[in-house]
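K.L.:
Sharing a structure below in structure tokens format, with a few things to ask.
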Amino acid sequence: MFNDRPLQDVRTQEALNMILFIMREYDLAGAVCVVNEHEAGFGYQLYTTFNAVVEDDTLPLGFRFRLKTSEQGQERAEQLALGTGHMLHQLKDFGEQTKLWMGDLLANLARAGMTFHHLPFGGRKLPRLTSEPPR
């Protein structure tokens with residue numbers, strides 16, 4: 001899962017791709033946001049051996065959850081289910097912590113007289129992971 005467009009800065013796009021590649025090579029799930037002077041990019045690396053996320057290029061997000069006790073056996077299916085929950089909760093916690101801390105830092109700057117105009121997602125509605133495309 002990546003930006004909905006390539007980054008204009010080739011070096012920043014390359015850095016983002018490299019970070020995601022390293023995460024995958026080391027069997028790590030995670031989220032990354034890179035920011036340069038003019039733009040930001042993000043990506044998620046969800047495919048690991050310890051969770052139930054599998055690639056599926058036929059779906060809009062490019063992945064699905066696959067967990068079948070009949071295929072993996074009871075013990076492995078339980079491990080994958082726990083790994084999936086662990087990964088998703090940790091990424092959610094990180095996102096909440098990041099939002100809270102960046103809000104605190106912006107509030108500190110505002111108290112010092114610095115304000116910023118920022119239009120999240122270029123003014124588009126925040127994308128959701130649903131069957132409907134973002135508007």
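K.L.:
With touching a residue at least 12 places away in the same chain (Cβ under 8 Å), closer than 25 Å to Gly122 by Cβ and surrounded by 11 or more Cβ atoms within 10 Å (Cβ to Cβ) as the only criterion, which of Leu80, Leu7 stands out? Don't jump to the end; show me each part of the working.
P.N.:
Numbers: Leu80 fails: closer than 25 Å to Gly122 by Cβ.
Going through Leu80, Leu7 in turn, the sole match is Leu7.
K.L.:
On the basis of being modelled with pLDDT under 95, basic (Lys, Arg) and under 30 Å from His118 (Cβ atoms), does Arg5 make the cut? So that I can check it myself, show each step before the final result.
P.N.:
Working: modelled with pLDDT under 95: yes; basic (Lys, Arg): yes; under 30 Å from His118 (Cβ atoms): yes.
Criteria met by Arg5.
K.L.:
Can you pull out every residue in segment 96-121 that is hydroxyl-bearing (Ser, Thr, Tyr) and in a loop (DSSP other than H, G, I, E, B)? Quick ask: steps written out before the conclusion?
P.N.:
Kept after step one, since they are hydroxyl-bearing (Ser, Thr, Tyr), are these residues of segment 96-121: 98, 115.
Residue satisfying the conditions is Thr115 alone.
K.L.:
Related question: Pick out the one residue from Val54, Val10 that is of a type in the set (A, V, I, L, M, F, W, C) and more than 18 Å from Leu91 (Cα to Cα).
P.N.:
Val10
K.L.:
Taking the options Leu67, Leu61, Leu91, name whichever one is touching a residue at least 60 places away in the same chain (Cβ under 8 Å), among the hydrophobic types (A, V, I, L, M, F, W, C) and in contact with a Leu (Cβ under 7 Å, 6 or more places away or on another chain). Write out each step before concluding.
P.N.:
Working: Leu67 fails: touching a residue at least 60 places away in the same chain (Cβ under 8 Å); Leu91 fails: in contact with a Leu (Cβ under 7 Å, 6 or more places away or on another chain).
Within the list Leu67, Leu61, Leu91, the selection yields Leu61.
K.L.:
In segment 37-92, how many are over 24 Å from Thr130 (Cβ atoms), polar (S, T, N, Q) and not in a loop (DSSP other than H, G, I, E, B)?
P.N.:
Matching residues across segment 37-92 total 5.
K.L.:
Among (1) touching a Phe, Trp or Tyr at 6+ places or on another chain (Cβ under 7 Å); (2) within 27 Å of Lys125 (Cα to Cα), which single condition is Val54 missing?
P.N.:
(2)
The values are calculated or read from the model by the stated rules, or taken from the named source; none is laboratory data. Predicted, not measured: the structure shown is a model, and the values here were computed from it. Neighbour counts are summed over all protein chains in view; Cβ atoms, including those assigned to glycine, are modelled from backbone coordinates with ideal geometry.
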